[in-house]
Amino acid sequence: MSADVVLLGPPGSGKGTQAVRLTTKYGVPQIATGDILRAQVEAGTRLGRQVNAYLDRGELVPDSLVVDIIRDRLSQPDAQHGFVLDGFPRTVPQARALDQLLVELNRPLDAVIYLDVDRTSLVDRLAQRALLDQRSDDRPDVIPHRIDVFLEQTAPLIEYYRGQGKLSLIDGTLLPDQVAVAVDSIFGSLS
């Protein structure tokens, strides 16, 4: 199996859950920019300190920082036979940068899967996750702003990828196992 896939959806849509399932089932790495960035923050690196200032405000990390991280990650051996990008791209300029990077690597993007979830469900899910994981970006005072930032900056990717004929929409309000069946049907058709 070899597939290069982007998994999109607002915060709390279940991207991470579905990406982990795809990694386990198909043996391709989940490349979760959020996890990479949080690891930098926890390690207290210079990059981590820069990233932390954005995360604490519920804002997106600047494209230049994220694109450099993705470029490095895609060059690693485990990503040579496919990947699931979770949390990247977040903006149309990032999508263009990803397209350019993949052209350079001679490996075009195979599909984009969007998990569609309504705002009320997102707020409920993120509030619940905040209780379990105690993430600084899931605080009640930050959650509405994170959703607004997503809708403003990331939602335009739907049209961008629809225009490329790569977009598949999935109802992310379904139970996780039902979402997984829909995701698997798309991912499995790429092999």
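Does segment 167-191 hold any residues that are touching a residue at least 60 places away in the same chain (Cβ under 8 Å), under 19 Å from ASP110 (Cβ atoms) and not in a helix (DSSP H, G or I), and which are they? Within segment 167-191, LEU190, SER191 meet the criteria. Looking only at segment 9-31, residues that are open to solvent by 10 Å² or more (accessible area, probe 1.4 Å) and part of a strand (DSSP E or B) come to 1 in all. Can we say THR23 is among the β-branched types (Val, Ile, Thr), within 22 Å of ALA130 (Cα to Cα) and touching a residue at least 60 places away in the same chain (Cβ under 8 Å)? Taking the combined requirement at face value, the residue does not satisfy it. Just checking, does segment 156-164 include any residue being surrounded by 13 or more Cβ atoms within 10 Å (Cβ to Cβ), closer than 18 Å to ARG90 by Cα and touching a Pro at 6+ places or on another chain (Cβ under 8 Å)? Checked against the condition, which is being surrounded by 13 or more Cβ atoms within 10 Å (Cβ to Cβ), closer than 18 Å to ARG90 by Cα and touching a Pro at 6+ places or on another chain (Cβ under 8 Å), segment 156-164 yields at least one hit.
Hey, can you tell me all the residues within segment 38-66 that are aliphatic (A, V, I, L, M) and not in a helix (DSSP H, G or I)? Across segment 38-66, the qualifying residues are LEU60, VAL61. Evaluated against (1) of a type outside the set (Gly, Ala, Ser); (2) modelled with pLDDT of 90 or more; (3) closer than 17 Å to ARG21 by Cβ; (4) open to solvent by less than 60 Å² (accessible area, probe 1.4 Å), ASP177 falls short on exactly one condition, (4). Of all residues in segment 59-80, those that are closer than 18 Å to THR45 by Cβ have Cβ atoms under 7 Å from Cβ atoms of residues that are open to solvent by 30 Å² or more (accessible area, probe 1.4 Å) and among the hydroxyl-bearing types (Ser, Thr, Tyr), 6 or more apart or on another chain, in VAL61/TYR54. If we keep just the residues of segment 86-99 that are open to solvent by less than 30 Å² (accessible area, probe 1.4 Å) and not β-branched (Val, Ile, Thr), which is modelled with the lowest pLDDT? Per the criteria, the residue is GLY87. Would you confirm whether any residue within segment 43-56 is aromatic (Phe, Trp, Tyr), without any contact (Cβ under 8 Å) to a residue 12 or more places away in the chain and under 19 Å from GLN153 (Cβ atoms)? Yes; the residues of segment 43-56 include at least one that is aromatic (Phe, Trp, Tyr), without any contact (Cβ under 8 Å) to a residue 12 or more places away in the chain and under 19 Å from GLN153 (Cβ atoms). Only residues that are among the β-branched types (Val, Ile, Thr), part of a helix (DSSP H, G or I) and open to solvent by less than 20 Å² (accessible area, probe 1.4 Å) were counted in segment 100-155, giving 4.
Residues checked against (1) over 29 Å from HIS81 (Cα atoms); (2) of a type in the set (A, V, I, L, M, F, W, C):
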position: VAL6; (1), (2): no, yes
position: TYR26; (1), (2): no, no
position: THR45; (1), (2): yes, no
position: GLU59; (1), (2): yes, no
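The values are calculated or read from the model by the stated rules, or taken from the named source; none is laboratory data. Keep in mind it's a predicted model, so treat the numbers as computed, not measured. All Cβ positions, even for glycine, are placed from backbone atoms using ideal geometry, and neighbour counts span all protein chains on display. Areas reflect the complete protein model, heavy atoms only, side chains present, ligands, DNA and RNA absent. Shrake-Rupley method; radii C 1.70, N 1.55, O 1.52, S 1.80 Å.
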